[in-house]
Amino acid sequence: MVKEWGFSTRAVHAGTEGQPEGATNPPIVASAGFAFDSAEEGFQRFAEGKGYVYSRYANPTVRAVEVRLASLEGAGEALLCASGMSAIAMALLGSLQAGDHLISEGSIYGGTISLLGQLFPRLGIEVSLVDTLDRAQLEGALRPNTKTLYLETPGNPLLKILPLKELAAWAADRGLVTIVDSTFATPYLQRPLQLGCDLVVHSATKFLGGHGDLTAGLVAGVRERIEPLRTGWQRLFGPVLSPFEAFLLGRGLATLPLRMERCCASALAIAAFLESSSAVGRVYYPGLPSHPQHAIAARQMEKGFGGIVAFEMASGFEGAVATLDSLRLISRVASLGDTRSLIMHPASSSHRLLSPAERAALGIGGGLLRLSVGLEEVEDLIGDLRQAMSSYS
Ligand code: PLP
């Protein structure tokens, strides 16, 4: 693999070389264990960590996709996990222990907020959720035992954009590890490691897989940070990716640039349509000049602003429910980053476990809808939204 090849070339080729029988796609190696030719060879494979032993340790199909993802993220190493949540847990547990303190951006995926707020205190890990755009809040949250800064940009569901270069530099000056969830952007649009962050995590269930047919997660960074996660946390907690899922993920990655270009163009057109609709109170899309962090997004997201648009119905919860029920093309599904367009109501799904006060503090109201723009004709998507909102326009 030539390192200098462009992103789209690497999205197709990286990690696919040297397959058995000249296969162009790394085959699905559905094997829990790998036979040793002799006892001595078995001793060596265990002792030196070279060669395959057991699929909870490593699997060739999974490995091929890790090589491709490391190349796309510009990372020394990548670790695939069974889901985005397990990737986040591995990355965080690898940098924290009982008695440590974590500062996290507050406007992030609800599952992560629940992990940090409900489970981490039971492990003796202190957590502060802050507005990381507010430097005074960030400084004020620092404690002598603060070890890690956790970010997500664009944030789920309000598309808050965080300046990664500045925040990673702030954290590095204070000796903190910076971890970023870059799920909404994918490495096609944003590469946090190049901006100074230490680890990037993804729900690969979303745009990386891209077809709504798998669950997977990714952690990427320098080898020294990834290998302890692989040989320690993942091997012993066990959330590994199955080779079948890895095969689908690898197939999805080949079209990532094409899919993201289409999503970005359609999402921008839909965001502009929604902004012009009297049924809509507010639109959240980093590509709109009206977005409060549009300038940061334009600097940081290299090729576009992503495929997720959130909007607040002017008529609140009632209008959101009526719109959801009236859609004919866009599917009511609690996921994102699929070939088909998906819509959901964050207050009752991804952020359901938060208290009403916590949701209100984040700005997640009953009238908020989050749209994941798929690959359909954009005119058809706008037409579906227009007819669904017609009684409120
Ligand atoms: N991160 C973000 C931004 C998400 O939106 C999600 C799920 O929606 C996750 C992480 C969790 O990923 P998974 O569902 O693959 O565990």
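The values are calculated or read from the model by the stated rules, or taken from the named source; none is laboratory data. Everything quoted here is computed from the prediction, not taken from an experiment. Using ideal geometry, Cβ is built from the backbone for each residue, glycine included, and neighbour counts are taken over all protein chains shown. When the accessible area is computed, the model is the full protein with side chains, heavy atoms only, and any ligands, DNA or RNA have been set aside. Shrake-Rupley method; radii C 1.70, N 1.55, O 1.52, S 1.80 Å.
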Among G319, G306, which is of a type in the set (G, A, S) and within 12 Å of L369 (Cα to Cα)?
G319
Cβ-Cβ under 9 Å pairs, at least 6 apart or on other chains, the stretch 206-230 side of a type in the set (K, R), far side more than 10 Å from the ligand (Cβ to nearest atom) and part of a helix (DSSP H, G or I)
K206/T186; R225/A91; R225/G94; R225/S95; R230/M90
Out of the residues in the stretch 90-100 that are out of contact with any Pro (no Cβ under 8 Å at 6 or more places or on another chain) and under 16 Å from V200 (Cβ atoms), which is farthest from the ligand (Cβ to nearest atom)?
S95
Restricting the stretch 325-344 to residues that are assigned to a loop (DSSP other than H, G, I, E, B) and within 14 Å of the ligand (Cβ to nearest atom), the one most open to solvent (accessible area, probe 1.4 Å) turns out to be A334
The residue that is surrounded by the most Cβ atoms within 10 Å (Cβ to Cβ), considering only those in the stretch 1-22 that are modelled with pLDDT of 95 or more and in a helix (DSSP H, G or I), is R10
Looking at the stretch 168-199 only, could you name the residues that are within 12 Å of the ligand (Cβ to nearest atom) and either within 16 Å of M260 (Cβ to Cβ) or free of Cβ contacts under 8 Å to residues at least 24 places away in the same chain (or both)?
S182, T183, F184, A185, T186
Report yes if some residue within the stretch 219-227 is open to solvent by 10 Å² or more (accessible area, probe 1.4 Å), within 14 Å of the ligand (Cβ to nearest atom) and in contact with an Asp or Glu (Cβ under 9 Å, 6 or more places away or on another chain); otherwise report no.
no
Criterion: at positive phi and modelled with pLDDT of 95 or more - qualifying residue of G212, G281, G232:
G212
